Amino acid sequence: STQGSEVALRTVLRQVLASPQTLFRTELGAVDPRTGEARLTSHEVADFLAFTLTDEPPDATLRAAADDGSLLD
């Protein structure tokens, strides 16, 4: 029924929009299994820098530095 479809769609949208992954940006890093320490990946560092400094996603230059690993040097 149409009403059932609308209810289902509303439920799904509510869950997606209320999800922490939708509401918050996180940098979790990769965990070193030997030490248990987390270290941010180069793309997470790029995201962190860009959003902290400009409140926008990384630009092409910052993404390129993340891609080639030079951002972590």
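Would you check which residues across the stretch 45-62 are assigned to a loop (DSSP other than H, G, I, E, B) and either open to solvent by less than 60 Å² (accessible area, probe 1.4 Å) or closer than 20 Å to Ala30 by Cα (or both) and list them?
Once the filter is applied, which keeps residues that are assigned to a loop (DSSP other than H, G, I, E, B) and either open to solvent by less than 60 Å² (accessible area, probe 1.4 Å) or closer than 20 Å to Ala30 by Cα (or both), the stretch 45-62 yields only Pro58.
What residue, among those in the stretch 1-21 that are loosely packed, with under 10 Cβ neighbours inside 10 Å and among the polar types (S, T, N, Q), is modelled with the highest pLDDT?
For the stretch 1-21, the residue satisfying everything is Ser5.
Taking the condition modelled with pLDDT under 85 and in a loop (DSSP other than H, G, I, E, B), does Arg25 pass?
Here the answer is yes, as Arg25 does meet what is asked.
The values are calculated or read from the model by the stated rules, or taken from the named source; none is laboratory data. Source: prediction; values computed, not measured. We place every Cβ from the backbone using ideal geometry, glycine too, and count neighbours over all the protein chains shown. Accessible surface areas use protein heavy atoms only, side chains included; no ligands, DNA or RNA. Shrake-Rupley method; radii C 1.70, N 1.55, O 1.52, S 1.80 Å.
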